[in-house]
Amino acid sequence: MSLNPKIKDWRGKVVWIVGASTGIGQSLAHILHRQGAVVIVSARSQDKLSAFVAQHASSIALPLDVTDAAQVTQTAEQILSMHSRMDMLFYCAGYYTAQTASNVKDPFSLAAMQQHMTLNFSGALTVLHACFPKVGHIALVASVAGYQALPNALAYAPSKAAMQRLAEGLYIHLHGSGVGITLINPGFVQTPMTAQNNFHMPALISAETAAKAILKGLAAGRFEIHFPRRFTLWVKLLSLLPYRMYFAVCRAIMPRPTSQAPTTL
Ligand SMILES: NC(=O)c1ccc[n+]([C@@H]2O[C@H](COP(=O)([O-])OP(=O)(O)OC[C@H]3O[C@@H](n4cnc5c(N)ncnc54)[C@H](OP(=O)(O)O)[C@@H]3O)[C@@H](O)[C@H]2O)c1
């Protein structure tokens, strides 16, 4: 039995994608538009959103910054006044820079730690608050980096773990109320976010492949959608190990904690 309603037909569905100017969010917007959804794209880059709308008739660009609560509320109200409902919300906005606790110049950058939480987690809270109670289905993009800590993801991993716990909590509380909740945990996806990575990214996939995997998971009614499985299943397995073994494996297979090489997932 599936944990969520199976969403197979997107025709006429009102879909708000926050973080749609590039990467996974933009690929989702593109495919959903092709499948007949009413696509509303948001992010800060007005030029990129306008370019998307110019190529996708009847899609709508509503630029916003997720750190501006008033702007987020106003945008959600605008969508609801235009369409009287929001069938699906995707929170794809995100931020990553490599962080360690062993950078000699800035051993624990408070600004960087807070920036990750602000964009990857608090921004989602702001958007959710603006959409309740009129949203039909919520899809939150976290990362396999949220399963357990990783080198260079000192700031990123906790923000993604918080997103995972949020999605689980929402599911527990909202299941049966008619609101679907989906947690999305990608592995490596080729986007502007991972363009900064200067190392081999195992099982790297395109943003289009990621978007297709997300829609496949929604069609199957999954709670958690993780991909590509040839990579994410290994990361899941690692996170089941006792700490002693997990840390040993991390030391053996991952860049040293003192490395400046980013390891975003
Ligand atoms: N790429 C990967 O390998 C990977 C793996 C696991 C998880 N993820 C997660 O997947 C999600 C999408 O990432 P991506 O790889 O597609 O990266 P991306 O191409 O960099 O997309 C990030 C999106 O977030 C938007 N954004 C950033 N700050 C914002 C703000 N203050 N207000 C509104 N929008 C903002 C960006 O648009 P503007 O700059 O125009 O605002 C952009 O549209 C993120 O949550 C990321 O952590 C990615």
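Computed quantities for the displayed model
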read-out	value
Set of aspartates and glutamates near Lys6 by C-alpha distance (under 17 Å), chain-local residues within fewer than 8 positions excluded	Asp87, Glu224
Unit charges on C-beta of K, R, D, E only; dipole of the stretch 14-253, Debye	680
Exposure rule at most 10 other beta-carbon atoms within 10 Å, DSSP loop trypsin sites (Lys or Arg not before Pro): the chain longest free segment	106-265
Between 0 and 90°, nearest 10: helix 69-83 axis offset from the chain longest Cα axis	40
Computed [θ] at 222 nm, helices only, for the chain once each DSSP H run of length n ≥ 4 contributes -39500 (n - 2.57)	-12500 deg cm²/dmol
Proximal lysines relative to Lys8, as straight alpha-carbon distance under 18 Å, when same-chain residues fewer than 8 apart are discounted	Lys212, Lys216
Hits among lysines - C-alpha to C-alpha of Lys160 under 18 Å, sequence gap 8 or more where chains match	Lys236
Estimated inter-spin distance, Lys212 and Leu125, nm [label 7 Å along Cα→Cβ]	3.8
C-alpha long axis of helix 156-174 to longest principal axis of the chain, angle in °	50
Förster-model FRET efficiency, 22 Å R0, Lys6 and Ala57, C-beta, rounded to 0.05	0.20
Dipole-positive endmost among Asn103, Met201, Met1 within the chain (Cβ charges, Cα centre)	Met1
Spin-label zone in the stretch 1-31 - amide nitrogen under 20 Å from a point set 7 Å from the Cα of Arg44 along the C-beta vector	17-27
Positive dipole terminus of the stretch 14-253, leading residue within Leu166, Ser122, Ser59 (C-beta point charges)	Leu166
Sulfur and carbon atoms: percent of accessible area, the chain [1.4 Å]	59
0 to 90° range, to nearest 10: angle between helix 229-239 axis and the chain longest Cα axis	60
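The values are calculated or read from the model by the stated rules, or taken from the named source; none is laboratory data. Nothing here was measured: the structure is a model prediction, and the numbers come from that model. Neighbour counts run over all protein chains shown; Cβ positions are idealised from the backbone, glycine included. Ligands, DNA and RNA are stripped out before the accessible areas are found, and what is left, the full protein with its side chains, is counted by its heavy atoms. Shrake-Rupley method; radii C 1.70, N 1.55, O 1.52, S 1.80 Å.
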